[in-house]
Amino acid sequence: VFEKDKIYVLASTLGNGETIVYTMGKEQETRKLKDTRESSIYYLDYWYNENAETDHQKHVIIQAAKNKILLTEFPNNNTYHSIDLEQKYPYVQSGIVFKNKNGEDLFAFSATYGLVQIINLANKQEVFKTTDFVDREVHLHSFVKWNEKYLLLNDCQQSRIIVFDMEDGFKIKSKVVSPEMCFDTS
């Protein structure tokens, strides 16, 4: 959900890979975003691009489908960026858009079979990537930015929270184990 001129817009995914944006307010409108050509959207988010050249480029919807993440500008429906995932990491399980201590907009996401990747949204460059968890099936869900120093990620399979140190190149600082339960940090 985001705001533009006091009109609220809600994006939702459908089972056929389409994302529909509903404009709420006096004049209701429905628009389709670019089709990801996949059977399902596995992750959906929104980013407000403060540094965009025009108002039509400021609102960006993030859609993650099988093997692909598509960032689409709204309302002009232009592709802002596209991230192709390797075949061995097909499904995005979680993600978060956040600012680091330098004020840069970053997008962190996890995918099946242990991929964790962080992209700088402004320059579309990879900031961090690890496949340290590929030796087993993992369920990496629910990123949380704890504070300016730490980014947390829930590993449901191993009942632990993985702590990434943002001041040290996102290196894994620690793994907090809670064997009594499988928890969700969202």
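The values are calculated or read from the model by the stated rules, or taken from the named source; none is laboratory data. Because the structure is a prediction, the values reported are computed rather than measured. No Cβ is skipped: glycine too gets one built from the backbone with ideal geometry, and neighbour counts run over all protein chains shown. These area figures cover heavy atoms from the full protein model, side chains too; ligands, DNA and RNA do not enter into them. Shrake-Rupley method; radii C 1.70, N 1.55, O 1.52, S 1.80 Å.
For PHE74, what residues show an amide H to amide H distance below 5 Å, using hydrogens built from the backbone and excluding near sequence neighbours?
Here HIS59, VAL60, ILE61 satisfy the definition.
Sticking with the crude label model, points 7 Å out along Cα→Cβ, report the distance from ASN102 to TYR46 in nm, one decimal please.
Distance between the two pseudo-spin positions: 2.8 nm.
From largest accessible area down, sort SER159, SER174; use a 1.4 Å probe on the protein chains.
Working: SER159 20, SER174 45 Å².
Largest accessible area first, the residues go SER174, SER159.
In sequence order, what are the phi-derived ³J(HN,Hα) couplings for segment 50-61 according to the Karplus relation 6.51 cos²θ - 1.76 cosθ + 1.60 with θ = phi - 60°, rounded to whole Hz, with x for glycine and proline?
Those phi angles translate into 4, 9, 5, 6, 10, 4, 6, 10, 6, 9, 10, 9 Hz.
Enumerate the amide H contacts of HIS139 below 5 Å, restricted to partners 5 or more residues apart or on another chain; note that Pro and chain-start residues carry no placed amide H.
The answer is CYS156, GLN157, GLN158.
What residues have an amide H closer than 5 Å to that of TYR43, excluding those fewer than 5 places away on the same chain, when H is modeled at 1.01 Å from N in the peptide plane?
Under 5 Å from the amide H of TYR43: ALA64.
Ordering LYS101, LYS145 from largest to smallest accessible area (1.4 angstrom probe), what's the sequence?
Values: LYS101 125, LYS145 60 Å².
These residues rank, largest area first, as LYS101, LYS145.
For each pair in LYS68/LYS124; LYS58/LYS149; LYS58/LYS129, compute the distance between the two Cα atoms and list the pairs where it is over 20 Å.
LYS58/LYS149; LYS58/LYS129
Please name which of PHE128, SER40, SER142 has its Cα lying farthest along the dipole of segment 35-161 towards the positive end, using unit charges on Cβ (Lys, Arg +1; Asp, Glu -1) and the Cα centre as origin.
Working it through, the farthest residue towards the positive pole turns out to be SER142.
Can you classify segment 56-102 as rounded, prolate or oblate using the Cα gyration tensor, where a ≥ b ≥ c are the square roots of its eigenvalues, rounded means a/c under 1.5, and otherwise it's prolate if a/b beats b/c and oblate if not? Before the final figure, lay out each step's value.
Values: a/c = 2.56, a/b = 1.31, b/c = 1.96.
In terms of gyration-tensor shape, oblate.
Over segment 61-124, with the other protein chains present, what is the accessible area per residue in square angstrom, probe 1.4 angstrom? Spell out each step's value before the answer.
Values: 2250 Å² over 64 residues.
In whole numbers, segment 61-124 has 35 Å² accessible per residue.
Tally up the carbon and sulfur contribution to the accessible surface of segment 60-127 as a whole percent, 1.4 Å probe, everything protein left in place. Can you show the working numbers first?
Values: 1060 of 2530 Å².
The computed percentage sits at 42.
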